[in-house]
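Structure record follows, encoded as structure tokens.
Taken together, the values in this text are just the output of simple stated rules run on the coordinates, not laboratory data. Source: prediction; values computed, not measured. Here Cβ is always computed from backbone atoms with ideal geometry, including for glycine, and neighbour counts include all displayed protein chains.
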Amino acid sequence: MAEMVIEIFKTNVSNEQTSEEVLNLLKGFYPHLKITFDLDDCDNILRIQGHNFHSNHIVEVLSQMGICCELIE
């Protein structure tokens, strides 16, 4: 079985409505992942946990929505 992966992304999502739109879109692509936002963090953190996803795809999808998203290494 694939290893559990947790990726943390810095975003420019600053409100609940946009975060819900992002969560709904990403859940459409990855219904098996645990995806959460921490909008109280200064970096508006997007946290994704699960198996079989690619960080570059997440960045690409959000970029197409006009959202800046950067993987925190």
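The per residue volume of the convex hull around the alpha-carbon atoms of the chain is 80 Å³. Positive contributions from Lys and Arg (+1) and negative ones from Asp and Glu (-1), summed over other residues with Cβ under 10 Å from the Cβ of L71, come out at -2.
Extension gain for the segment R47 to A2, taken as residue separation times 0.36 nm less the Cα-Cα distance, is 14.3 nm to one decimal. Compute the angle between helix 55-64 and the longest alpha-carbon principal axis of the chain, please, reported from 0 to 90 degrees and rounded to the nearest 10. Roughly 30 degrees between the two axes. Using a cut-off of 14 Å between beta-carbons, work out the net charge of the residues near V61 (Lys and Arg +1, Asp and Glu -1, V61 not included). Once positives and negatives cancel, what remains is -3.
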